[in-house]
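The values are calculated or read from the model by the stated rules, or taken from the named source; none is laboratory data. Predicted model only: the values in this text are computed from it and were never measured. Cβ sites come from the backbone with ideal geometry, for glycine too, and all protein chains shown count toward neighbours.
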Amino acid sequence: MLDVAAVDQMSGKVQAAAASPEMDDRVRRWSEDNPLAAKQATRRPDGYSFAVVGETLMYLHRAPDGMVIPHACYPDGTEKVYTDHLHAEAAYG
């Protein structure tokens, strides 16, 4: 869990990476190279701002209260969600 400022900062970095001109091609290639992980990563219909950072596919989605939540998807299909304590409690009890 992170503090809200760190989650916001990470979200901004993912948005900036996703906006780079070559990112659509990088995301497409990552998805082709990692089809099972890509299926896992794209299961959220509300995911947006997809970006490949190193070997990791990052994306964002909004929590019901509007907070932007970063996700990291790895080639092996595992996923990390970067959130603050309040949102972690709401999502995972």
Subset of the stretch 44-93 [without any contact (Cβ under 8 Å) to a residue 24 or more places away in the chain and on the phi > 0 side of the Ramachandran plot]: Gly54, Gly66, Gly93
The lone condition Asp33 fails out of (1) modelled with pLDDT of 95 or more; (2) touching a Phe, Trp or Tyr at 6+ places or on another chain (Cβ under 9 Å) is (2)
Restricting to the stretch 19-36, name every residue that is closer than 18 Å to Glu79 by Cα, hydrophobic (A, V, I, L, M, F, W, C) and in contact with a strand residue (DSSP E or B) (Cβ under 9 Å, 6 or more places away or on another chain). Val27, Trp30
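Among the candidates Leu2, Leu57, Leu86, which residue alone is surrounded by 13 or more Cβ atoms within 10 Å (Cβ to Cβ), hydrophobic (A, V, I, L, M, F, W, C) and in a loop (DSSP other than H, G, I, E, B)? Give the steps one after another, and end with the answer.
Details: Leu57 fails: in a loop (DSSP other than H, G, I, E, B); Leu86 fails: in a loop (DSSP other than H, G, I, E, B).
The unique qualifying residue is Leu2.
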Lys39 - would you say it is touching a strand residue (DSSP E or B) at 6+ places or on another chain (Cβ under 6 Å) and surrounded by fewer than 13 Cβ atoms within 10 Å (Cβ to Cβ)? no
Scanning the stretch 1-40 for residues that are free of Cβ contacts under 8 Å to residues at least 24 places away in the same chain and of a type in the set (D, E, K, R) gives Lys13, Glu22, Asp24, Asp25, Arg28, Arg29, Glu32, Lys39
